[in-house]
Amino acid sequence: MARRMMSRFGQWSSYVFAVDFDTNSDPIYFALASKHSERPQVFRNVLADETCYSLHVQSDDKIERAKFYGGLKNKLSKELPPECTILEMFTFQPNVKDSVIKGYFIKDASKSSATERVLGELLRNDPVYVCSYLCGGEDRQWSQHLWSNTEDGWVEVLEKYCVVPAEKPEHHPSTLNIINYDVFYSFEDAYKVLQQCVDIIPESKAVLELVDQRPEPKEKTAFPVIVIEGLDATGKSTLTESLTEALGATLLKSPPQCLSPWRARFDTEPPLIRRAFYALGNYLTAGQIGQEARQAPVIVDRYWHSTAAYAIATAVGGKLGNLPQAGSEVYGWPGDLLRPSLVLMLSLSSQERIRRLQVRGQDKTMEEEELEANHLFRQKVEEAYQRVEGPACVTVDASPSPDQVLQQVLLLIREKCHL
């Protein structure tokens, strides 16, 4: 398998490796060479009595790769000794799109043979490549040993490399595979993913049949389309209902109600499949918008901005600065998705938003729990919202009373949509 890997990807030594030892700081970057560097040793976070390994998930089948990686950490946590620490790892070619190989770096303090037994079984049976790392000499220089299977089922070392420090790349590696993995920019690309899932996720067929029946919207609508975006408990529902009444508009939601029977099923799938499902939800909503906007203004509770912002914030590891820069193509609007006339983003302090959630007393969504527990994630979601283009969000202060917010928004709509 390792030999096939080299023929598929060229020289393994041309890749850079990134390990997230601490999610609040930059990863540790290293590369491979024929001799050691005189620069300081790489793995400062590894204790002298720990043994290290890495797994790299790779398959030409995107669905197989996504499904296997999605369950790998749980499998490792169950089967490896409890003394093992499992860390996220990226293998990539700097600044090269679609070059990332996801995996895990394992620090093992168990002194047990169980770890190598588990990793050997994975190498024989699953779409992974396995490496071990040895530290030697007074200067604690590390080497990487790339494993391979022998014909009789044993594991052997195929290649040995010296581990050397690597420069921090211009783009965080987690950003390189966003396009058509975490965010989809055309109906066709999202549709293909669910097509490939029909045999393993039977619900995909029903979703595709529903999508096939959607009406094709025109590029421009007769009446304005206003999208209201914002985190949970910023007042979206109250505002959208008030706007609908004030403007004599039609209220729609994204994802649309017709996808509700399958949302729980697809929420358990890895990002590639889950995001494709929700991307198709935007196209279903676009079909509904196209029909309703023939006869009245349309108010939409969430749309493309939410889909993109949450996906990008979830995909990009580490700190806020790791997000793709403003103007990056990842923030672009899909060329075949109906564009709204105006997008308004309700903004509220985190303290007030949490207070409203407590008053509301409803069960939190998985994303809401993450927003509440992880301030950094919330920052990334809010920043990604602001960077999505075509059209960009217009921020609205949602802290005044509901009636004051409504009047503020009505002024914006009349100004920008001439209603």
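Rule-based calculations on the coordinates, nothing more; no lab input. Please read all numbers here as calculations on a predicted model, not as lab measurements. Cβ coordinates were reconstructed from backbone atoms using ideal geometry, including for glycine residues, and neighbour counts include every protein chain displayed.
Using 0.36 nm times the number of residues separating Glu79 and Lys111, minus their current alpha carbon distance, what extension gain do you get?
On the way: separation 32, 0.36 × 32 = 11.52 nm, distance 1.51 nm.
Result: 10.0 nm gained on full extension.
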Would you pull out the residues with amide H under 5 Å of Leu252's amide H, same chain only if 5 or more places away, H placed 1.01 Å from N?
Ile299, Val300, Asp301
Give the cross-link partners of Lys160 among the lysines, using a straight C-alpha distance below 20 Å as the criterion and excluding same-chain residues fewer than 8 apart.
Lys35, Lys107
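Hey, which of these cross-link pairs are over 32 Å Cα-Cα: Lys67/Lys97; Lys102/Lys253; Lys205/Lys253; Lys67/Lys220; Lys78/Lys236; Lys62/Lys319?
Result: Lys102/Lys253; Lys67/Lys220; Lys78/Lys236 exceed 32 Å.
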Non-local residues with an amide H under 5 Å from the amide H of Val155, with H modelled 1.01 Å from N and Pro and chain starts lacking one, are Thr150
Short version: ³J(HN,Hα) in whole Hz for each residue of the stretch 391-398, in order, from phi by Karplus 6.51 cos²θ - 1.76 cosθ + 1.60 (θ = phi - 60°), x for Gly and Pro, what are they?
x, 7, 6, 9, 7, 10, 6, 9
Tell me the label only: which of [x] 1.06; [y] 0.96; [z] 1.03 is Rg/Rh (Cα atoms, Kirkwood Rh) as calculated from this structure?
[z]
In sequence order, calculated HN-Hα J values of the stretch 156-161 (Karplus, 6.51, -1.76, 1.60; Hz; x Gly/Pro)
10, 8, 7, 9, 10, 9
Stretched fully, the stretch from Glu329 through His375 gains (0.36 nm per residue minus C-alpha distance, one decimal, in nm) 14.0 nm
Cβ crowding within 10 Å averaged over residues, with 197-206, 81-90 ranked highest first
81-90, 197-206
Okay, helix-only estimate at 222 nm for the chain: each DSSP H run of n ≥ 4 adds -39500 (n - 2.57), divide by all residues, round to 500 deg cm²/dmol; what do you get?
-11500 deg cm²/dmol
List, in order, the whole-Hz ³J(HN,Hα) value for each residue of the stretch 111-117 obtained from phi through the Karplus relation with A = 6.51, B = -1.76, C = 1.60 and θ = phi - 60°; use x for Gly and Pro.
6, 10, 7, 4, 4, 5, 5
Residues with amide H under 5 Å of Trp333's amide H, sequence separation 5 or more or different chain, H placed in the peptide plane at 1.01 Å from N; which?
Glu389
How high is the relative contact order of the stretch 1-175, in percent, with contacts defined as C-alpha pairs under 8 Å that are six or more residues apart?
30 percent
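Given the Cα-Cα distance of Ala206 and Ser34 and 0.36 nm per residue of separation, how much length would full extension add, in nm? If you can, show how the numbers build up before the last one.
Values: separation 172, 0.36 × 172 = 61.92 nm, distance 5.35 nm.
Working it through step by step, the gained length comes to 56.6 nm.
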Compute the distance in nm between two label points, each set 7 Å from the Cα along the Cα-to-Cβ direction, one at Ala296 and one at Ile354.
4.0 nm
